Each structure stands twice: as structure tokens, then as C-alpha cells.
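The values are calculated or read from the model by the stated rules, or taken from the named source; none is laboratory data. No experiment lies behind these values; they were computed from the predicted model shown. Because the Cβ atoms are built from the backbone with ideal geometry, glycine has one as well, and the counts that use them run over all protein chains shown.
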Amino acid sequence: MRTLILLAGLFVSNFAFAQQNNDVEERDDNFLTENNKNILKIDIKEPLFQVAVKNCNDFKAASFEGGIPVYKETLRKYMYDYLNTDFYVLNGDFTFTLTVDEKGKVTKIEGTPKVANSEVFFDDMKYVVRRIKKNWIPATCNGQPVTSQIKIKMNLSAIATDV
């Protein structure tokens, strides 16, 4: 008798689990997130502009280890890797001002223009710039390292597609 009850229980539970698995397979909750993709095109303008220090006779601009082309390519690569373009669509010209201190560290990052929902993008860009581990060679004024600002202009265009 026990064997018959055990077999009947296994038979019923087999149909119950089979029905439950079928329902899960038919659900498609991730259709929109998996099939929509933003394609981002980044054009970083050259040269990067630097704000000179006032009352300085012998100003030398800050430079990046390896040169500006290396910084541009590193920044572009990190933007593709770390920007979360699923939450915003980027189109237009943006300018970022990096403040480089006397030690060559980027201490402040500001983005303009401020448009609708741009704060999320600007926060992501702060993260991207801080991920670049190489230091800048600080600007000098009369042979002494000084804090300086570097302006980076870029044009971004995003295209939303269905994959």
C-alpha cells in the first residue's frame, strides 16, 4: 500500500512540476531590455584647451603621461566601457572641465551644458575620469607646480536600435 501511495505521489508531483516549468518558459519578461540597444558615437575634439594661471610669466600647461592622443583614446575606451547609456540618450556638444592639482591628480570634474537628466551622465563621466589611473604632469608657473584647468570638448550622438 505504501508503495502505491508513493508512486501516486511521484506521478502527481511530476505533472505539477512539469506544468510549472512550462509556465516559466513561456514568460518573456526581458523582451524590451534585451532587444533594445543604444549605439554611442564619441568624438573628442583636439586640442584640449587649458586655462592659464593669471600673473604668470613662464606658464607650462599640464600634460598627460604619453601625450594628449593617449589620453583621448583612453578616455574614449573608458567611456564605451563604463557609461551606462541604457538610462539616457546623449546627443550634442558637451564640455568637461578637469581641475588638475599640483600633484597631477584630477580633483574636480564639471560638465556643461546642464540639460534634462544630464546629472546622471555627468556622474558617470566623473566615474570614468577617475578610473583612468595615470596621473597628469601638473602645470607649472615660474617652475613651480600649480593647479590648472583642462577643458575637453566632445560631441556625442546616440542612436537607439532594436536588436
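Does any residue in the range 60-84 that is more than 18 Å from residue 126 (Cα to Cα) come within less than 8 Å, Cβ to Cβ, of a residue that is acidic (Asp, Glu) six or more places away or on a different chain, and which pairs are these?
Taking only residues 6 or more apart or on different chains, the pairs are 68/46; 69/46.
(1) surrounded by 12 or more Cβ atoms within 10 Å (Cβ to Cβ); (2) modelled with pLDDT under 90; (3) not in a strand (DSSP E or B): which one isn't true of residue 33, the others all being true?
Unmet for residue 33, out of (1) surrounded by 12 or more Cβ atoms within 10 Å (Cβ to Cβ); (2) modelled with pLDDT under 90; (3) not in a strand (DSSP E or B): (1).
What residue, among those in the range 83-94 that are of a type outside the set (Val, Ile, Thr) and not in a strand (DSSP E or B), is nearest to residue 154 (Cα to Cα)?
90
From the residues in the range 111-134 that are surrounded by 14 or more Cβ atoms within 10 Å (Cβ to Cβ) and closer than 20 Å to residue 68 by Cβ, which one is farthest from the chain's Cα centre (by Cα)?
Per the criteria, the residue is 111.
Looking at (1) among the β-branched types (Val, Ile, Thr); (2) surrounded by 12 or more Cβ atoms within 10 Å (Cβ to Cβ); (3) over 16 Å from residue 45 (Cβ atoms); (4) touching a residue at least 60 places away in the same chain (Cβ under 8 Å), find the lone condition where residue 159 falls short.
The single condition residue 159 does not satisfy is (2).
Going residue by residue through the range 38-46, is there one that turns out to be surrounded by 15 or more Cβ atoms within 10 Å (Cβ to Cβ), aliphatic (A, V, I, L, M), touching a residue at least 60 places away in the same chain (Cβ under 8 Å) and not in a strand (DSSP E or B)?
No, the range 38-46 contains no residue that is surrounded by 15 or more Cβ atoms within 10 Å (Cβ to Cβ), aliphatic (A, V, I, L, M), touching a residue at least 60 places away in the same chain (Cβ under 8 Å) and not in a strand (DSSP E or B).
Outside any loop (DSSP other than H, G, I, E, B), farther than 30 Å from residue 145 by Cβ and modelled with pLDDT of 90 or more: is that true of residue 23 in this structure?
When the stated conditions are applied, residue 23 does not pass them.
Rundown of residues vs (1) among the hydroxyl-bearing types (Ser, Thr, Tyr); (2) modelled with pLDDT of 90 or more; (3) part of a strand (DSSP E or B), yes/no style:
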| site | (1), (2), (3) |
| --- | --- |
| 28 | no, no, no |
| 55 | no, no, no |
| 70 | no, yes, no |
| 75 | no, yes, no |
| 79 | no, yes, no |
| 96 | no, yes, yes |
| 99 | yes, yes, yes |
| 114 | no, no, no |
